[in-house]
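The values are calculated or read from the model by the stated rules, or taken from the named source; none is laboratory data. Bear in mind the structure is a predicted one, so any value in this text is a computation, not a measurement. Note that each Cβ is placed from the backbone with ideal geometry, even for glycine, and that neighbours are counted across all protein chains shown.
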Amino acid sequence: MKDIYFDNSSTSFPKAPNVGRAMGEFIENGAFNINRGSYEGAYEAGSAVLDTREMLKDLFNCPNSKNVVFTPSVTYSLNYFIKGFLKPNDHVLVTSVEHNAVMRPLVQMEKLGVEFDAVPCDEEGGVTADDFRAYIKENTKAIITTHASNVCGTIIPIEEIGALCKEKGLVYAAFCSSNDAYEDTEAGGYALSTEIYFMYAFECAFNILKCLGEPAEHYKFLAAQMLEMIRNKYWNPTAGIFTSGPDGSVAFKDEVWETAGEEGAVWNIWGIASEEQKNLIMDNLEHKIITPYGIPLMPGHLEKTHLARSVWTVYTTGYAVAAAELGKEELLVTLIAQQIRNAVFNKTFYEVYNADDGRAWRWPAQTWNAIGYISLLLSGVFGLKKDIEGIWFEGFIPTVLSEIRIFNLRYVNMRLDVFSEGEGKIVKMTLDGVEVKKIFWNLQGHHKVKLICRKED
């Protein structure tokens, strides 16, 4: 029997792919101390730390990378802050659904004269900035909150609370990973990718409860509400693309608009863009943004880093899927050819490439980036789709790839050999000679799938 782990809010198991391997390699081959030696290994380790500081500085909008402090965990960080910043007679506000990593050190600090009040939440764990306003005292120094409760999943409005802290001159400590830390914190506060993941979580909750025969419509409503908000708040008609931050944030402004990280893919794969928005995005990408080496993230930025003016194969998949759905054969082939050229030129699969010359930036032999090439074909060319019932194909087979085949595609307890007939959009699918709309998940054994394709006149 396969064990399923549900205690991730405690210990985070299993770790992300390659974490164990990377730690093992560091311990066995490169556990060098930085700033203590003038040899190559020490310099490499020091460079990795400095690069990480710079990336974290940019992520959290710090004025200087010296402001970045590494700790073994968020719990350590909270203890450093609570026990280092707060003094006797100081007053702190928290929520009534606060994490133990906040509450335990605060209870300890009570013995040293630090006061705190837990602002009551409503029946669903919600709380507003006005709720906090009523508890502020003359000696209030800080507000400390989680971004999302580990107990009930309620999202705390950190943007509103942050604005209140700015108004009252208080320090705000929000421990989370979803704040996009724009300069204008009153207008920013959230990232497009985060909002999309919340929407997807509501959709998953709906499907799970529906399968269990439990009331589920509330989560369907929440997912639809999130979609409407995303389309209204994150769509920049001037830039012709979804932006990383919502309307009013620095990322949204015309002079620095950008599409960063996962947004490059999920706007299409998860149905964020309307048909009109999808066509505008693709036209913008095809005629204004694409370089000979791919579609760069943050194309509005002048600086060149592994995040700005860079090409990521994994994020190219979203554009390839959209190109296939819209029948843009030339663009689809171009996107695939560009990524193959980048890998061949650099002699392995790198995570990220320079958009202006195709040279690899760093991080060679990336397995997850190699999977990006597979997804360009599976999700882009073949248009592999899935839901809780099964899988199907609705892609676009270009002329130059008309002979492409898939053998032993594994899904649950089945193995599929997939063949195409013709070129263009996939208009019909057969399973062992019988036309089907979907291949259901409970199928077993080895089967043949034929995809009938046709180009529009």
Does Thr154 satisfy being within 27 Å of Ala205 (Cβ to Cβ) and not aliphatic (A, V, I, L, M)? yes
Could you check, for segment 174-183, whether at least one of its residues is at pLDDT below 90, under 25 Å from the mean Cα position of the chain (by Cα) and outside any loop (DSSP other than H, G, I, E, B)? yes
Flagged in segment 321-348 as in contact with a Ser or Thr (Cβ under 8 Å, 6 or more places away or on another chain) and either over 16 Å from Ser310 (Cα atoms) or assigned to a loop (DSSP other than H, G, I, E, B) (or both), in numbering order, are Val321, Glu329
Select from segment 438-449 the residues that are touching a Phe, Trp or Tyr at 6+ places or on another chain (Cβ under 7 Å) and farther than 13 Å from Leu409 by Cα and list them in ascending order. Lys438
Would you confirm whether any residue within segment 343-366 is closer than 28 Å to Lys448 by Cβ and in contact (Cβ under 8 Å) with a residue 12 or more places away in the chain? no
If Phe81 meets every condition in (1) among the hydrophobic types (A, V, I, L, M, F, W, C); (2) more than 30 Å from Glu138 (Cβ to Cβ); (3) out of contact with any Phe, Trp or Tyr (no Cβ under 6 Å at 6 or more places or on another chain) apart from one, which number is that one? (2)
Test Thr399 against the criterion of being out of contact with any Asp or Glu (no Cβ under 9 Å at 6 or more places or on another chain), of a type in the set (Ser, Thr, Tyr) and assigned by TED's automatic domain parsing to the domain that holds Ala322, and give yes or no. no
Residues of segment 415-446 being in contact with a Leu (Cβ under 8 Å, 6 or more places away or on another chain) and either within 22 Å of Glu330 (Cα to Cα) or of a type in the set (Asp, Glu) (or both), which ones? Asp417, Phe419, Ser420, Glu421, Ile426
Cβ-Cβ under 9 Å pairs, at least 6 apart or on other chains, segment 375-391 side loosely packed, with under 15 Cβ neighbours inside 10 Å, far side polar (S, T, N, Q): Asp387/Asn207; Ile388/Asn207
Please indicate, with yes or no, whether at least one residue in segment 80-94 is loosely packed, with under 13 Cβ neighbours inside 10 Å, touching a strand residue (DSSP E or B) at 6+ places or on another chain (Cβ under 8 Å) and outside any loop (DSSP other than H, G, I, E, B). no
Of all residues in segment 190-221 being assigned to a helix (DSSP H, G or I) and of a type in the set (Ser, Thr, Tyr), the one that is nearest to Glu160 (Cα to Cα): Thr194
Give the residue that is farthest from Ala324 (Cα to Cα), with candidates limited to residues of segment 392-409 that are loosely packed, with under 15 Cβ neighbours inside 10 Å and out of contact with any strand residue (DSSP E or B) (no Cβ under 8 Å at 6 or more places or on another chain). Glu403
In the list Phe382, Phe440, Phe419, Phe407, which residue meets the criterion of being among the aromatic types (Phe, Trp, Tyr) and under 21 Å from Ala337 (Cα atoms)? Phe382
Kindly indicate the residue of segment 100-134 that is free of Cβ contacts under 8 Å to residues at least 12 places away in the same chain and closer than 30 Å to His218 by Cα and also surrounded by the fewest Cβ atoms within 10 Å (Cβ to Cβ) among those meeting that condition. Glu123
Might you check whether a residue that is on the phi > 0 side of the Ramachandran plot and modelled with pLDDT of 75 or more occurs anywhere in segment 252-272? yes
Within segment 444-454, how many residues are exposed (fewer than 15 other Cβ atoms within 10 Å of the Cβ) and either within 33 Å of the chain's Cα centre (by Cα) or in a loop (DSSP other than H, G, I, E, B) (or both)? 1
Somewhere in segment 144-158, is a residue over 23 Å from the mean Cα position of the chain (by Cα), part of a strand (DSSP E or B) and assigned by TED's automatic domain parsing to the domain that holds Leu106? yes
Within segment 406-443, of all residues that are touching an Asp or Glu at 6+ places or on another chain (Cβ under 7 Å) and not in a strand (DSSP E or B), the one modelled with the lowest pLDDT is Trp441
Give segment 356-373 a look and list any residue that's within 13 Å of Gln339 (Cα to Cα) and surrounded by 12 or more Cβ atoms within 10 Å (Cβ to Cβ), or say none. Gly358, Arg359, Ala360, Asn369, Ala370, Ile371, Gly372, Tyr373
